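The values are calculated or read from the model by the stated rules, or taken from the named source; none is laboratory data. Values in this document were obtained by computation on a predicted structure and should not be read as measured data. Cβ placement follows ideal geometry from the backbone for every residue including glycine, while neighbour counts extend to all protein chains displayed.
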Amino acid sequence: MARGSSTVVEQVRRSAGAELRHRRLSAFTQLDTAAALDAAARLDDQGDSPELPLRGVVLAVKDNIDTAGFATTAGTPALREHRPLLDAPAVRVLREAGAVVLGKTNMHELALGVTSDNATFGLVRNPVRPDRIAGGSSGGSAAAVAAGVVTAALGTETGCSVRLPAALCGLVGFRPTVGAYRVEGVVTVSWTRDTIGVLARSVDDVRVLDRVIRSSAGTPEVSRHPGLRGLRLASPRTTFRQGMTTALRAVFEARLTALEEAGARIVESDLPAGAWEVSGECGLPILLYETSRGVDRYLAAHATSLRFHDVAARVAAPDVAGLVRGLSGGDIEDAYAAALDQRAHLGCLLRGFLEDQRLDGIIVPTSPIPAPRPAVFDESADRYWATFRTLARNTHASSLLGWPAVSLPAGRDDEGLPFGIDLQFPPGTDSALLSVARACEETWRDAGWRPPTHDEGEEW
């Protein structure tokens with residue numbers, strides 16, 4: 001676009017053609033190519049402008065984020081006809097900066113799962129290996145970027161919903177500090193944890209979008225970390241690396257070695273005693289309390305007659321139905337208050353851990369395993385939930401505390417499946433985190449590894 005060798009209309013047409021070729025991935029719930037072409041033509045008429053830093057960028061938006069011209073279904077039957085008139089603030093500012101929205105992306109129903117196997121819109125397939133899941137809950141956003149359909153995509157994350165699909169599809173997935181991005185216009189399931197996040201092919205792409213969204217939210221950028229030299233990262237062994245194959249463990253160790261050779265210090269120190277247990281105990285009570293109330297707040301803000309109990313009654317996926325039917329009743333205030341106290345205690349433990357050892361952050365495998373094949377809930381609920389816990393466990397504490405984190409593509413296993421490495425920093429250090437992530441990306445690229453290109457996977 002900067003060289004003038006392409007127009008915005010040509011970019012949208014390319015994206016629409018790529019979506020058609022990859023339609024069986026089930027990455028999208030809705031498309032509006034005609035509206036995207038109209039928006040592109042208007043941008044072409046405006047020409048180059050410093051006010052349009054995203055001119056020519058084609059975006060996809062997760063289907064729980066309001067986007068004018070589309071329904072916001074949150075992947076659930078009761079909301080299929082719910083059509084907000086206004087963009088969520090994050091979508092609005094990206095459009096004002098010149099981005100064009102091609103469509104809304106498929107997701108795990110109500111964002112309450114890690115597979116993006118949606119009973120209404122279909123299973124999102126992994127573009128690298130279509131017999132594997134893309135991860136969730138922002139699986140459609142990850143598949144759309146990894147298949148080369150769009151430049152970048154917005155997702156949301158409560159526990160692992162941006163970083164996990166990024167890792168399984170070979171992408172960069174960034175979640176900011178909770179509160180750094182405005183979340184009005186998002187179907188919220190946990191206001192203490194939920195944030196919009198960005199999925200893209202490189203850290204530079206993430207930083208461009210982050211700058212636009214952050215400036216609109218009034219969240220200032222803090223000073224950036226100078227790079228890897230002098231950086232200190234904790235790499236806990238206990239629990240975080242359990243279940244890894246020999247091949248993935250070797251990839252992870254090689255990436256840590258490359259960082260040390262570039263001047264970073266990797267401190268193999270486990271988390272403080274009790275931190276893992278506290279994290280596991282307080283997450284579910286918080287979710288159980290906030291989900292029904294968060295969805296009700298969203299629906300009330302849109303002046304719809306629907307409420308959470310109406311949505312829950314029509315949930316299609318058996319795993320999500322088991323979670324939500326019953327959340328709207330019962331007295332769980334005491335359990336919620338106790339869980340918030342535990343969460344605060346966990347935050348103190350981890351901040352003290354970083355301060356005591358002069359650490360900048362934590363580095364772990366985003367997931368200890370690559371993308372699995374779909375698990376059929378009805379056939380084996382135990383296997384399904386075991387897969388859920390394994391895929392989500394390494395990102396859980398950071399999301400529970402609202403910390404910024406980024407998953408970086410870091411290699412493949414011996415079957416060619418992507419593997420991600422997660423950087424987790426304390427709250428408010430988003431810009432430093434992205435600078436370090438960029439330095440890691442460069443270091444690993446210099447070591448000879450490249451992320452997969454969109455044409456490596458089977459064309460679906």
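Remarks
- Verdict on T73 being crowded, with 24+ Cβ neighbours inside 10 Å, in contact with a helix residue (DSSP H, G or I) (Cβ under 7 Å, 6 or more places away or on another chain) and either not in a helix (DSSP H, G or I) or not acidic (D, E) (or both): yes
- One residue alone among R383, R358 is assigned to a loop (DSSP other than H, G, I, E, B) and either modelled with pLDDT of 95 or more or more than 19 Å from P165 (Cβ to Cβ) (or both), and that residue is R358.
- Residue selected from region 1-15 under the condition free of Cβ contacts under 8 Å to residues at least 60 places away in the same chain and of a type outside the set (S, T, Y), by the criterion surrounded by the fewest Cβ atoms within 10 Å (Cβ to Cβ): R3
- Meets criteria (more than 26 Å from the chain's Cα centre (by Cα) and not in a loop (DSSP other than H, G, I, E, B)) for E19: no
- Among the residues of region 158-185, the one identified as touching a Ser or Thr at 6+ places or on another chain (Cβ under 6 Å), over 23 Å from R438 (Cβ atoms) and of a type in the set (V, I, T) is T158.
- Any hit, region 262-270, residues being at pLDDT 95 or above, assigned to a helix (DSSP H, G or I) and more than 18 Å from S407 (Cα to Cα): no
- The residues of region 239-251 that are touching a strand residue (DSSP E or B) at 6+ places or on another chain (Cβ under 6 Å) and not aliphatic (A, V, I, L, M) amount to a single one, F240.
- Where a residue in region 239-260 is within 17 Å of P409 (Cα to Cα) and surrounded by 13 or more Cβ atoms within 10 Å (Cβ to Cβ) and its partner, wherever it lies, is at pLDDT below 90 and not basic (K, R), with Cβ under 6 Å and at least six apart: A247/D414; A258/A447
- Inter-residue pairs, beta-carbon under 7 Å, first within 14 Å of V149 (Cβ to Cβ) and touching a residue at least 12 places away in the same chain (Cβ under 8 Å) and in region 98-114, second acidic (D, E) and crowded, with 24+ Cβ neighbours inside 10 Å, 6+ apart: K104/D63; T105/D63; N106/D63
- Odd one out for A375 among (1) in contact with a Lys or Arg (Cβ under 6 Å, 6 or more places away or on another chain); (2) at pLDDT 95 or above: (2)
- Residue within region 28-47 that is crowded, with 17+ Cβ neighbours inside 10 Å, among the hydrophobic types (A, V, I, L, M, F, W, C), at pLDDT 95 or above and closer than 15 Å to S141 by Cα present: yes
- Qualifying positions in region 111-133 - hydrophobic (A, V, I, L, M, F, W, C), surrounded by 24 or more Cβ atoms within 10 Å (Cβ to Cβ) and outside any loop (DSSP other than H, G, I, E, B): A111, I133
- Contact map, region 294-323: first residue in a loop (DSSP other than H, G, I, E, B), second residue at pLDDT below 95 and not basic (K, R), Cβ cut-off under 6 Å, separation 6 or more or different chains; pairs are V315/A321; V315/V324.
- Taking the criterion of being of a type in the set (K, R) and either more than 22 Å from F419 (Cβ to Cβ) or out of contact with any Gly (no Cβ under 9 Å at 6 or more places or on another chain) (or both), the residues of region 232-286 that qualify are R232, R237, R241, R249, R265.
- Filtered residues of region 234-290 (kept if of a type in the set (V, I, T) and over 30 Å from L327 (Cβ atoms)): T238, T245, T246, V251, T257, I266, V267
- Selection count, region 188-212, where residues are over 18 Å from G420 (Cβ atoms) and part of a strand (DSSP E or B): 2
- Which listed residue is buried (at least 23 other Cβ atoms within 10 Å of the Cβ) and closer than 17 Å to N394 by Cβ, from V198, V187, V162: V162
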